[in-house]
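The values are calculated or read from the model by the stated rules, or taken from the named source; none is laboratory data. This is a predicted model, so every value here is computed, not measured. Don't worry about glycine lacking a Cβ; one is built from the backbone with ideal geometry, like all the others, and counts go over all protein chains shown. In case anyone asks, the SASA skips ligands and DNA or RNA and just uses the protein heavy atoms, side chains included. Shrake-Rupley method; radii C 1.70, N 1.55, O 1.52, S 1.80 Å.
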Amino acid sequence: MSIRASRARLWRAALTPLASVIGSGFLVLGPVLDASYGVAAPLVMAGLCALAWAFGAAIRLNIAAIEAAGAQGGPPAARRLETLASWALAFAYVVSVAYYLNLFGAFAVRLTEVDDRHHARLVASAAFAVILAVGWLRGFGALERMEQIAVGLKLAVIAGLLAGLCAWLWLQAEAGALSADPPRIDPLHGAAVALGLIVTVQGFETSRYLGHAYDARTRIRSMRLAQGLATAIYVAYAALYALGFAPPEGPLRETAVIDAVRAAAPILPALLVAAALSAQFSAAIADAAGSGGLMHELTRGRIAPRHGYALLTAIGLALTWRANVFEIIAYASRAFALYYAIQALVAAEHARAAGVGRARIAGLWALAAIGAAAALFGAPVEGG
């Protein structure tokens with residue numbers, strides 16, 4: 001294989017986790033971090049990305065260990081933990097679909113005359129109905145093309161957003177109007193809120209499940225590439241936003257980025273809404289399909305995928321009408337933190353079986369403890 005072909009294959013393998021990590025939660029992060037942490041927002045973002053990298057490292061260890069073990073699948077304890085992790089991931093997907101569709105509803109009504117929580121929930125409920133109907137009657141194959149288009153649109157709009165923020169920051173610097181607000185949150189509660197935002201950097205684990213298309217080495221390299229690029233984009237975005245805009249006054253809204261970027265470029269709000277709608281719906285489709293498929297596989301066919309979609313819809317509608325978007329983000333973060341904690345335990349078992357040093361095993365256990373703490377104590381942002 002030529003170097004050019006190898007690089008193209010690596011990029012294709014990296015595109016799935018990269019697109020998953022940089023979802024429309026990216027749009028929520030700027031105002032959220034700015035409102036809570038002020039000028040310290042880039043440091044908090046860097047810490048969140050570092051934690052995601054550590055969880056990614058555990059999953060990369062599992063990718064290599066599982067391929068090396070072949071049909072044996074590794075130590076019995078690791079296999080049992082993998083089953084538990086799969087159940088945790090199936091549940092995390094259920095909650096994440098609620099997160100995606102509630103953001104979908106919020107952005108859908110943002111530039112209309114019915115811009116309120118009630119109508120946003122109605123839109124989210126209608127989207128749940130569409131997903132259930134399509135999944136129940138036809139499966140999601142018919143909508144896969146939409147997902148591919150959404151990835152390109154989302155990344156293009158984010159590139160435009162960063163360019164617009166750079167230009168705005170330059171103007172603010174020339175006018176001596178850069179923002180440097182101190183954190184508005186105490187350290188302990190700030191740590192809990194940061195842990196409640198894990199879902200916004202979630203998605204790198206998709207490399208773990210691309211074994212049908214790529215070998216272990218490619219998946220490991222592609223995950224590193226995706227996480228490295230996502231970290232650079234996220235930290236740059238957090239810095240540009242925190243320095244370019246003062247924290248919003250009054251209750252924080254999940255679509256606050258729309259008001260902020262209007263000052264930077266009048267065309268950006270409409271582009272961001274278009275990207276958010278496309279990205280959120282396609283991500284919801286992907287996770288709904290993943291959840292239904294996992295339930296079918298884990299129950300050995302006793303739960304059909306369509307019944308999984310019905311369960312997902314019931315839970316999603318309950319969350320939609322009983323919680324706000326920031327609370328749902330925290331619930332989704334807790335669910336993924338539990339999955340990452342179990343993956344860290346799986347990695348510790350593989351490391352123990354391979355005779356790896358005690359220090360590394362202890363590090364993996366510590367990482368699992370952090371994931372468990374995030375699952376227990378991750379707190380929502382206070383929003384309006």
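Descriptive notes on the structure:
- Number of residues in segment 25-66 that are among the hydroxyl-bearing types (S, T, Y), closer than 15 Å to V235 by Cα and surrounded by fewer than 24 Cβ atoms within 10 Å (Cβ to Cβ) equals 0.
- For L312: the one exception among (1) open to solvent by less than 10 Å² (accessible area, probe 1.4 Å); (2) over 19 Å from the mean Cα position of the chain (by Cα): (2)
- One residue from G135, G30 being of a type outside the set (F, W, Y), part of a helix (DSSP H, G or I) and under 17 Å from the mean Cα position of the chain (by Cα): G30
- Residues satisfying the stated conditions in segment 324-341, i.e. among the hydrophobic types (A, V, I, L, M, F, W, C) and out of contact with any helix residue (DSSP H, G or I) (no Cβ under 7 Å at 6 or more places or on another chain): F326, A330
- Lone qualifier among L43, L81, L48, L61 - being of a type outside the set (G, A, S) and within 30 Å of F281 (Cβ to Cβ): L48
The rows are residues; the columns are (1) open to solvent by less than 10 Å² (accessible area, probe 1.4 Å); (2) at pLDDT 85 or above.
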residue: L298; (1), (2): no, yes
residue: R306; (1), (2): no, no
residue: R322; (1), (2): no, yes
residue: I329; (1), (2): yes, yes
residue: F336; (1), (2): yes, yes
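- First in segment 152-166 and under 16 Å from P31 (Cα atoms) and free of Cβ contacts under 8 Å to residues at least 12 places away in the same chain, second anywhere and part of a helix (DSSP H, G or I) and open to solvent by less than 60 Å² (accessible area, probe 1.4 Å), Cβ under 8 Å, 6 or more apart: none
- Test: residue in segment 192-203 that is small (G, A, S), out of contact with any helix residue (DSSP H, G or I) (no Cβ under 6 Å at 6 or more places or on another chain) and touching a residue at least 24 places away in the same chain (Cβ under 8 Å): no
- Residues (over 23 Å from G25 (Cα atoms), touching a residue at least 60 places away in the same chain (Cβ under 8 Å) and charged (D, E, K, R)) located in segment 285-306: E297, R306
- Against the test of being more than 30 Å from T255 (Cβ to Cβ) and touching a His at 6+ places or on another chain (Cβ under 9 Å), the options A54, A64 yield a single qualifying residue, A64.
- Some residue of segment 263-284 being among the β-branched types (V, I, T) and within 21 Å of L29 (Cβ to Cβ): yes
- Number of the exception - V273 against (1) open to solvent by 10 Å² or more (accessible area, probe 1.4 Å); (2) farther than 30 Å from R253 by Cβ; (3) in a helix (DSSP H, G or I): (2)
- Summed over segment 67-115, residues that are among the hydrophobic types (A, V, I, L, M, F, W, C) and open to solvent by 20 Å² or more (accessible area, probe 1.4 Å) total 12.
Residue-wise test of (1) touching a Pro at 6+ places or on another chain (Cβ under 7 Å); (2) at pLDDT 85 or above.
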| position | (1), (2) |
| --- | --- |
| A236 | no, yes |
| Y241 | no, yes |
| G244 | no, yes |
| P247 | no, no |
| P251 | no, no |
| V261 | yes, no |
| L268 | no, no |
| L272 | no, no |
| I285 | no, no |
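- Taken over segment 195-223, residues that are at pLDDT below 90 and not in a helix (DSSP H, G or I) amount to 8.
- Residue in segment 9-24 that is open to solvent by 20 Å² or more (accessible area, probe 1.4 Å), within 27 Å of V381 (Cα to Cα) and either among the acidic types (D, E) or modelled with pLDDT of 85 or more (or both) present: no
- Of the residues making up segment 350-383, those that are open to solvent by 30 Å² or more (accessible area, probe 1.4 Å) and part of a loop (DSSP other than H, G, I, E, B) are A354, G355, V356, G357, P380, E382.
- For segment 162-190, taking the residues that are assigned to a helix (DSSP H, G or I) and closer than 24 Å to P251 by Cα, the one that is most open to solvent (accessible area, probe 1.4 Å) is identified as L188.
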